[in-house]
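Working notes, structure below.
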Amino acid sequence: MLKLQDGAIGYRARELLSKAELSLEPGSIKGLIAPNGFGKSSLMRVLSGDLAQLRRGSVELDGHEYFDSFANRDVLYVPGDASNLYGHLSLDRHLKIAAKLWRPQVGVDEVIRVWGVAGFIKKPIWSLSSGMKQQASLAIATLCGPKYLLLDEPTNALDPINAARAIRIFEQMVKNGTSILVSSHLLGTIDSLCDSVIFFSGGGLVEVDSGGDASSVFEKCYGPLSGTIS
């Protein structure tokens, strides 16, 4: 289990969370929803072991407190802007490096096939479209096969075909025991994937059953989704 206990998370002079509790159980998939600026990405980075923004509290991984995200292979954070990739390297090179570092159970060729990335496997990351970069990031995450996968806007740049592909792959990973936390503004993605939804409230985090209607949960927490222009 991956747990944040009594967590206070801040960004510069602002405290985003003051008393947050969160747990991710193996084989679960949970959604994280909030407007911009509430601290979703900061929370995910802290859970991944990047504790620069953790002001109080602790992160516990399978019963042990941990401090160094580079020292474990069980938790992986995937940002939605491809900032985890090296622009001058190809996806092929990224996958080969990941295979050496993570010793995956699935092969590189299988990951290439499943994600449909063969057409741009040799191209440098800088030359790819936003959607291709996102596919590349997610393909690498699948190869690494972490126990806990933290996905920040994973389908945002994907076309409908690849978004549906990603959802199927995530669902299979959960069936195989991976725990996934998904942050997304695309509430339909949350509905398609998640058993429960976590939102920000009063300096803490509250988890509720999604009921397949993340939009209603969002509106109850943060206000109406639609507005008027006068």
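Pull up the stretch 118-155, narrow it to residues that are of a type in the set (Ser, Thr, Tyr) and in a loop (DSSP other than H, G, I, E, B), then point me to the one that is farthest from MET173 (Cα to Cα).
It comes out as SER129.
Can you tell me which residue among LEU128, LEU187 is open to solvent by 10 Å² or more (accessible area, probe 1.4 Å) and either of a type in the set (Gly, Ala, Ser) or over 21 Å from TYR86 (Cβ atoms) (or both)?
Of the residues listed, the single one that is open to solvent by 10 Å² or more (accessible area, probe 1.4 Å) and either of a type in the set (Gly, Ala, Ser) or over 21 Å from TYR86 (Cβ atoms) (or both) is LEU187.
Scan the stretch 27-55 for residues that are at pLDDT below 90, open to solvent by 50 Å² or more (accessible area, probe 1.4 Å) and either more than 15 Å from LEU205 (Cα to Cα) or of a type outside the set (A, V, I, L, M, F, W, C) (or both) and jot them down.
Once the filter is applied, which keeps residues that are at pLDDT below 90, open to solvent by 50 Å² or more (accessible area, probe 1.4 Å) and either more than 15 Å from LEU205 (Cα to Cα) or of a type outside the set (A, V, I, L, M, F, W, C) (or both), the stretch 27-55 yields ASN36, ASP50, ALA52.
Between ARG45, ARG14, which is free of Cβ contacts under 8 Å to residues at least 24 places away in the same chain and of a type in the set (Lys, Arg)?
Matching residue, one of ARG45, ARG14: ARG14.
Would you check if GLY177 is open to solvent by 30 Å² or more (accessible area, probe 1.4 Å), closer than 19 Å to LEU24 by Cβ and modelled with pLDDT under 95?
When the stated conditions are applied, GLY177 passes them.
Do we find that SER201 is over 18 Å from the mean Cα position of the chain (by Cα) and at pLDDT below 95 in this structure?
Judged against the criteria, SER201 is a match.
Between ALA214, ALA163, which is open to solvent by less than 50 Å² (accessible area, probe 1.4 Å) and modelled with pLDDT under 90?
Every option except ALA214 fails the conditions.
Please go through (1) within 23 Å of ALA214 (Cβ to Cβ); (2) of a type outside the set (D, E, K, R); (3) touching a residue at least 60 places away in the same chain (Cβ under 8 Å) for SER23 and return the number of the only condition it doesn't satisfy.
Status for SER23: all satisfied but (3).
Among the strands (runs of 3 or more DSSP E) confined wholly to the stretch 1-88, which include 3 or more residues that are at negative phi and in contact with a Cys (Cβ under 9 Å, 6 or more places away or on another chain)?
Those strands (runs of 3 or more DSSP E) span 29-33.
Determine, yes or no, whether VAL106 is open to solvent by 40 Å² or more (accessible area, probe 1.4 Å) and hydrophobic (A, V, I, L, M, F, W, C).
Yes.
Considering the stretch 143-160 alone, what residues qualify as being open to solvent by 30 Å² or more (accessible area, probe 1.4 Å), of a type outside the set (Lys, Arg) and touching a residue at least 24 places away in the same chain (Cβ under 8 Å)?
Correct list: GLY145, ASN156, ALA157, ASP159.
Those residues that are open to solvent by less than 50 Å² (accessible area, probe 1.4 Å) and farther than 21 Å from PRO79 by Cβ, I need them from the stretch 198-207; list them, please.
GLY203, GLY204
The values are calculated or read from the model by the stated rules, or taken from the named source; none is laboratory data. Model, not experiment: these values are computed from the prediction. Virtual Cβ from ideal backbone geometry, glycine too; neighbours counted across all protein chains shown. For the accessible areas, the whole protein counts, side chains as well, though only heavy atoms, and no ligand, DNA or RNA atoms are used. Shrake-Rupley method; radii C 1.70, N 1.55, O 1.52, S 1.80 Å.
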